[in-house]
1. Determine the order of 171, 130 by accessible area, beginning with the largest, at a probe radius of 1.4 Å.
2. Considering only 139, 105, 245, give the residue with the highest GNM mean-square fluctuation for the chain, with springs between Cα atoms whenever their separation is below 10 Å.
3. Under the rule of at least 5 residues apart or a separate chain, name every residue whose amide H is placed under 5 Å from the amide H of residue 190.
4. Stretch residue 99-residue 266 to full length: gain in nm at 0.36 nm per residue minus the Cα-Cα span?
5. Sequence neighbours fewer than 8 away in the same chain don't count; with that in mind, list the lysines whose C-alpha is under 18 Å from residue 92.
6. Compactness ratio of the range 221-289: Cα Rg over 2.2 N^0.38 Å, N = residue count?
7. Rounded to the nearest 5, what % of DSSP beta bridges with both residues in the chain are antiparallel?
8. Return the long-range amide H neighbours of residue 127 (sequence gap of 5 or more, or a different chain), with a cut-off of under 5 Å between placed amide H atoms.
Amino acid sequence: MTKEIASLQRTKEMLQKHGFSFKKSLGQNFLVDRNILEKIVVTAKITKATGVIEIGPGFGALTERLAQHAEKVVAFEIDERLLPILEETLAKEQNVTIIHSDILKADLHATVNEHFEPGQDVMIVANLPYYVTTPILMKLLENHLPIRGIVCMIQKEVAERISAKPNSKDYGSLSIAVQYFAHVETSFIVPNTVFIPRPNVESAVISLTLHEKKPVQVIDESLFFDVVRAAFAQRRKTLVNNIAKNLSHSLSKELIEKILVELGIDPKRRGETLSIQEFAALSDAIKKRL
Ligand code: SAM
């Protein structure tokens with residue numbers, strides 16, 4: 001019986017057979033531990049009814065396991081060299097479609113419409129390339145896709161930033177952006193020993209479940225994100241200074257101070273102390289003065 005793809009033996013065989021060399025620039029760290037795959041599938045609550053979009057199948061380690069549990073898997077791989085290898089490793093899986101594309105350029109609404117049924121349970125699952133974690137996550141969230149959520153392996157340090165709460169050193173615009181769209185859970189920490197080659201950092205699997213109702217309703221979503229970005233532009237500066245200097249709209253320091261005082265927010269506070277609700281109130285108040 002052929003051993004599963006997620007094993008050191010099989011991965012080494014494939015590397016040798018195809019003369020494959022890992023590209024660090026594409027974040028290629030492949031999983032060689034079956035237990036991690038099982039935990040990812042369980043965390044994502046994949047059933048025979050679930051449609052899965054995978055990002056970066058690599059040699060197909062996670063893809064193989066997903067295909068065995070899901071209704072269908074559609075996987076986006078940027079590296080052309082992996083296409084013939086995936087054809088071979090996933091030859092037995094009838095419910096896998098590989099798309100040769102950069103996930104950042106893909107039309108994911110079209111993918112969902114083409115490959116999945118209306119109303120089907122759809123999850124995005126990935127061992128993400130670490131060099132583009134944030135742009136990928138933000139694209140997946142901002143696109144308002146009809147999905148249940150995202151379960152992905154990322155750098156532990158980024159997982160800490162995503163799940164951070166106000167008044168902590170990790171809390172920033174990424175925490176707010178992701179928590180605005182989804183309920184965040186860090187499911188488990190992963191040592192670097194389960195990858196080949198081993199990354200220099202620890203990893204974590206996070207689970208993002210999209211909110212049915214967002215934690216805050218804002219008048220203007222893009223202004224809300226602009227206010228958040230401005231507030232954290234220079235972490236050591238006060239809120240009022242950061243907003244006055246970094247907001248795309250130009251507002252006087254005096255007016256910002258007045259708005260903050262009216263909202264009961266001390267202008268001398270720093271961005272990292274504001275809750276998502278306070279940011280929403282602030283962006284709505286600014287919107288009314290524009
Ligand atoms: N899923 C495999 C595994 O767990 O063993 C490989 C994961 S590896 C961390 C990341 C994969 O994403 C690589 O196969 C890499 O070529 C691919 N990749 C990198 N950037 C990508 C992008 N922008 N779009 C699609 N795939 C990408």
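The values are calculated or read from the model by the stated rules, or taken from the named source; none is laboratory data. Remember, predicted model here, so these are calculated numbers, not experimental data. Positions of Cβ are backbone-derived with ideal geometry, glycine not excepted, and every protein chain shown enters the neighbour counts. These area figures cover heavy atoms from the full protein model, side chains too; ligands, DNA and RNA do not enter into them. Shrake-Rupley method; radii C 1.70, N 1.55, O 1.52, S 1.80 Å.
1. Sorted descending by solvent-accessible area, the residues read 130, 171.
2. Of the options given, 105 has the highest mean-square fluctuation.
3. Under 5 Å from the amide H of residue 190 lie the amide H atoms of 203, 204, 205, each far enough along the sequence or on another chain.
4. 55.0 nm
5. Filter leaves 3, 48, 72.
6. Against the compact-globule rule of thumb, the ratio is 0.93.
7. Percentage antiparallel, nearest 5: 45.
8. So residue 127 has HN proximity to 55, 153.
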